[in-house]
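Novice: Here you go, one structure.
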Amino acid sequence: MKIERFEDLQAWKEARALVSQIYRAIRTAESLKRDYRFRDQIAAAAVSVMSNVAEGFSRRSDREFTQYLFIAKGSCAEVQSLLYVALDQEYISQTDFEALYEQAEKAAKLISGLITYLLAADKREKRRG
């Protein structure tokens, strides 16, 4: 099955779920809502995951797509790191931390799988070519 739209990628779907969960946490945690700089940074990092998967998919080559996926994966790690700050500052509960962290991990693993697939396809193509 050929994937024709970024919306069909499971990695993008999980990144979208991460964005929704981060924004929900921001809406419900008053102290997090008031820390504007931190709030904006964690939201931007989450949106970056989703956006880079989509943007990379629209590029002309697997090599470019892979570069954007690496950026998206890095943004997953940024979200996870920022979640520790949110936990340490008591913006979110341990339970919320674990759920958000796991969602970021789920997206990161799917992105890693795509990277592995694209790099292997590139190697196969080079051997043929």
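The values are calculated or read from the model by the stated rules, or taken from the named source; none is laboratory data. Being a predicted model, the structure only gives us computed values, none of them experimental. Glycine gets a Cβ as well: all are built from the backbone with ideal geometry, and neighbour counts include every protein chain shown.
Novice: Please go through region 82-91 and pick out each residue that is over 10 Å from I42 (Cβ atoms) and part of a loop (DSSP other than H, G, I, E, B).
Specialist: First, the residues of region 82-91 that are over 10 Å from I42 (Cβ atoms): 84, 87-90.
Residues satisfying the conditions are Q89, E90.
Novice: Continuing with the same structure: Anything in region 29-56 that is part of a loop (DSSP other than H, G, I, E, B) and of a type in the set (A, V, I, L, M)? List them, or say none.
Specialist: A29
Novice: Let me ask another. For A99, state whether it is among the aliphatic types (A, V, I, L, M), closer than 23 Å to D8 by Cα and part of a helix (DSSP H, G or I).
Specialist: no
Novice: Considering only residues that are of a type in the set (S, T, N, Q) and part of a helix (DSSP H, G or I), look in region 61-81 and name the one that is nearest to I111 (Cα to Cα).
Specialist: Among those residues, the one meeting the criterion is T66.
Novice: Of the residues K33, K106, K13, which is out of contact with any strand residue (DSSP E or B) (no Cβ under 8 Å at 6 or more places or on another chain), of a type in the set (D, E, K, R), within 28 Å of A120 (Cα to Cα) and without any contact (Cβ under 8 Å) to a residue 12 or more places away in the chain?
Specialist: Result: K13 is the single residue among K33, K106, K13 that is out of contact with any strand residue (DSSP E or B) (no Cβ under 8 Å at 6 or more places or on another chain), of a type in the set (D, E, K, R), within 28 Å of A120 (Cα to Cα) and without any contact (Cβ under 8 Å) to a residue 12 or more places away in the chain.
Novice: Going by the structure shown, is D62 out of contact with any Leu (no Cβ under 6 Å at 6 or more places or on another chain) and either among the charged types (D, E, K, R) or surrounded by fewer than 15 Cβ atoms within 10 Å (Cβ to Cβ) (or both)?
Specialist: no
Novice: Of I26, I22, which residue is in a helix (DSSP H, G or I) and either surrounded by fewer than 17 Cβ atoms within 10 Å (Cβ to Cβ) or touching a residue at least 60 places away in the same chain (Cβ under 8 Å) (or both)?
Specialist: Just one listed residue meets the conditions, I22.
Novice: Would you point out the residue of region 1-19, among those that are touching a Leu at 6+ places or on another chain (Cβ under 8 Å) and in a loop (DSSP other than H, G, I, E, B), that is modelled with the highest pLDDT?
Specialist: So the first thing to find is which residues in region 1-19 are touching a Leu at 6+ places or on another chain (Cβ under 8 Å), and the list is 3, 9-11, 14, 18.
Right, trim to in a loop (DSSP other than H, G, I, E, B) and you get 3, 9.
Values: I3: 85, L9: 97.
Only one residue fits best here, namely L9.
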